[in-house]
Amino acid sequence: MKEQPSQRKPLIYYCGIVSIVMLLLNIFVFPALLQPQVHEISYDEFVKMVDEGKVTHVSYEDSMMLFTASGDGGRPVFYKTGIWPWDDALTQRLLDHGVRFESVIPTQASPLISFLISFILPMAFFFLMGRLLMRSLNKRVGGANALQLGKANAKIYIEAQTGKTFQDVAGQDEAKEALSEIVDFLHDPDKYARMGARLPKGALLVGPPGTGKTLLAKAVAGEAKVPFFSISGSEFVEMFVGMGAAKVRDLFKQASEKAPCIVFIDEIDTIGKRRDNGGIGGGNDEREQTLNQLLSEMDGFDGKKGVVILAATNRPEILDPALLRPGRFDRRIPVELPDLQGRLSILKVHARAVKMEENLDLAPIARATSGASGAELANIINEAALRAVKMGRRAVSREDLEESVETVIAGYQRKGAVISDQEKKIIAYHEIGHALVAARQKGSAPVTKITIIPRTSGALGYTMQVEEDERVLLTREDALRTLATLTGGRTAEELVFGSATSGAANDIEKITKLARAMVTRYGMSSQFDMMALEGESSRYLGGDAYLQCSAETAARIDEEVNRIIKSAHETAREILSANMEKLHRLAGYLLEKETITGEEFMEILAQ
Ligand code: ADP
Ligand code: MG
Ligand code: ZN
């Protein structure tokens, strides 16, 4: 990225240069300028000059003879030479040639000149350096005067050209379409002005992290070929009171000078939080001021000028309603997680940048990464490329890609992890338990891989299931099957070893979450029917559920969730008990191979 942060070059750097230059001037230049030169010559040369009648004045000082001779243009030149004590004829010789015995003091430069040189010159020098410094600073902060107090030393990133276009953004067609109107407007604001049409001043990109919101904003600037001012909301949260507001003012001032342009406020939720949570503490004044300034700037400037404000957030529900009313961020552009087709095209966009084996099919990778964001997909391609380099390959192979999917999902392989044979056995049974329960229920997603190689994320092994086609709906039957499959791991441990381990903690978390959602949000329990019992906040950040019911109901919810989980556990127990022989065979095989593919699994199962 070509972002140029507006930070200062260390001031000490300039001070250092100035000091060194001054020192050199003081040593070499000033003395020479202030004191006329005195040439030292040999005695015989002196005598010769006297004979030639060049010497005009002579005097004796500090056991040296100082004398002047007329130089070119009659200006006196100063000389000095040693004394030759035995030269008795010298006095007569000097008298003969009309040399005057007078004190010869090399004339100092006039007081005015010496004042100029030793005082004014350094001052002027410092002043010039200062000016230069200011100018270079100003350039960095994009025209603002860096010395003006209270001015924002905001990290405003200006990019003349972002270098990104809509081509870099795969999928997200709806978002692109909504934004292309803005691009058109920035191309030719007058066209809209003539029509009297007012374009929305701001558009808010909302969606989960890593879905390409920042990328989209840059692409808009790139498509419109206009400057791109970007600032992150977290940078507004400043130490000094009033600075945030100053930054906002500054940002909009700069932007209106450079119109048409795009102002992009990333993570706007940090400043745009609802203002009602003040209460007893009095709230966060600083943040409120910043927000108020933002609101008034948005109202204040003329939309026709061609400044478009984009903002991004993954927590739209906490934004202050004032930000969302017409005339401000009145347009909301959802940027959702990519579907199968979207994932495939994102993989393709990023695969263009790396060397891939020919005819490598990315579709299976897209299928295996349901729920992954654009950023994760970009990461998968990069991890695969890194792995290919590590393996000494010329191009990224399918194996690299598959391994990197697991790396991104579950972390790196923990090659060095020491796990005892007994524990390995338990893990193998656990994983086969999941796989068997899944395989024995009609309609489950097929098992594609089972492994007991531990990962850095803490997973000791896992079973991968990949849906054959993209699903957007979850049926009650799907949910129940998933629950049974998730309980399958622990169930296998119980059946074979007669005990339980902590290895199922992650399964338990997932089971509870799903069963709860069935009861409280999906209306899938007979007890409560279609009653909403829980709301959800931060939908884009994993979702935090909060109860919307009385305490008695809450207790009944817990009971109902428990009932569903118990019944899923029972289902798994039935399935595995009926397949004990397969369970042993498969677990033994997995223990030996550590990783088995879906095909191997199905083959043994079919025998
Ligand atoms: P967000 O701002 O929504 O959190 P970013 O725009 O910062 O996400 O995306 C991070 C990275 O993920 C991008 O730089 C890009 O490499 C990749 N990415 C995300 N979405 C897409 C997409 N739709 N097409 C191509 N690349 C994407
Ligand atoms: Mg972002
Ligand atoms: Zn498990």
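The values are calculated or read from the model by the stated rules, or taken from the named source; none is laboratory data. Keep in mind the model is a prediction, meaning the values are calculated, not measured. Reconstructed Cβ throughout: ideal geometry from the backbone, glycine too, with neighbour counts over all protein chains shown. Please note that ligands, DNA and RNA were not included when accessible areas were found on the heavy atoms of the full protein model with its side chains. Shrake-Rupley method; radii C 1.70, N 1.55, O 1.52, S 1.80 Å.
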Exercise. Taking the stated definitions as given, is Q441 surrounded by fewer than 24 Cβ atoms within 10 Å (Cβ to Cβ), of a type in the set (S, T, N, Q) and within 19 Å of L590 (Cα to Cα)?
Worked result: no
Seminar exercise, completed: When E223 is run through (1) away from ligand 2 (no atom under 15 Å from the Cβ); (2) in contact with a Gly (Cβ under 9 Å, 6 or more places away or on another chain); (3) at pLDDT 85 or above, the failure sits at (2)
For this session: Output the residue which, of all residues in region 191-210 that are open to solvent by less than 10 Å² (accessible area, probe 1.4 Å) and not small (G, A, S), is farthest from ligand 3 (Cβ to nearest atom).
Result: L204
Exercise. Of everything in region 494-531 that's more than 21 Å from Q548 (Cα to Cα) and among the charged types (D, E, K, R), which residue is farthest from the chain's Cα centre (by Cα)?
Worked result: E494
Exercise. Are any residues in region 413-430 within 17 Å of T456 (Cα to Cα) and surrounded by 14 or more Cβ atoms within 10 Å (Cβ to Cβ), and if so, which ones?
Worked result: Q413, R414, I419, K424, I427
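Yes or no, residue by residue, for (1) in contact with a strand residue (DSSP E or B) (Cβ under 6 Å, 6 or more places away or on another chain); (2) of a type in the set (G, A, S); (3) surrounded by 18 or more Cβ atoms within 10 Å (Cβ to Cβ):
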residue	(1), (2), (3)
I508	no, no, no
A517	no, yes, yes
G542	no, yes, no
D558	no, no, no
Exercise. Quick one: how many residues across region 299-319 are buried (at least 21 other Cβ atoms within 10 Å of the Cβ) and modelled with pLDDT of 80 or more?
Worked result: 9
Exercise. Mind checking which residues of region 389-407 are surrounded by fewer than 18 Cβ atoms within 10 Å (Cβ to Cβ) and farther than 15 Å from R367 by Cα?
Worked result: V389, K390, M391, G392, R393, R394, A395, S397, E399
Problem set entry | Residue in region 347-359 that is within 14 Å of ligand 1 (Cβ to nearest atom), basic (K, R) and assigned to a loop (DSSP other than H, G, I, E, B) present | yes
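How about region 452-480: which of its residues are touching a Leu at 6+ places or on another chain (Cβ under 8 Å) and open to solvent by less than 80 Å² (accessible area, probe 1.4 Å)?
Correct list: I452, P454, E470, A479.
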Exercise. What do you reckon, is A366 open to solvent by less than 70 Å² (accessible area, probe 1.4 Å), modelled with pLDDT of 85 or more and part of a strand (DSSP E or B)?
Worked result: no
Exercise. Which ones in region 323-344 are surrounded by fewer than 19 Cβ atoms within 10 Å (Cβ to Cβ), of a type outside the set (A, V, I, L, M, F, W, C) and within 26 Å of I262 (Cβ to Cβ)?
Worked result: R325, P326, G327, D330, R332, P334, E336
Exercise. Of everything in region 466-482 that's in contact with a helix residue (DSSP H, G or I) (Cβ under 7 Å, 6 or more places away or on another chain) and assigned to a helix (DSSP H, G or I), which residue is farthest from ligand 1 (Cβ to nearest atom)?
Worked result: L480
Exercise. Would a scan of region 485-493 turn up a residue that is under 20 Å from G371 (Cα atoms), over 34 Å from the mean Cα position of the chain (by Cα) and away from ligand 1 (no atom under 16 Å from the Cβ)?
Worked result: yes
Exercise. In the list T448, T407, T485, which residue meets the criterion of being within 12 Å of ligand 3 (Cβ to nearest atom), of a type in the set (S, T, N, Q) and in contact with a helix residue (DSSP H, G or I) (Cβ under 8 Å, 6 or more places away or on another chain)?
Worked result: T485
Exercise. Taking region 191-219, which residues are aliphatic (A, V, I, L, M) and touching a Phe, Trp or Tyr at 6+ places or on another chain (Cβ under 8 Å)?
Worked result: L199, A203, L204, V206, A217, A219
Exercise. Here are E177, E223: which of them is surrounded by 17 or more Cβ atoms within 10 Å (Cβ to Cβ) and more than 16 Å from ligand 3 (Cβ to nearest atom)?
Worked result: E223
For this session: Check region 232-248 and report whether any residue there is away from ligand 3 (no atom under 16 Å from the Cβ), crowded, with 17+ Cβ neighbours inside 10 Å, aromatic (F, W, Y) and farther than 21 Å from N292 by Cβ.
Result: no
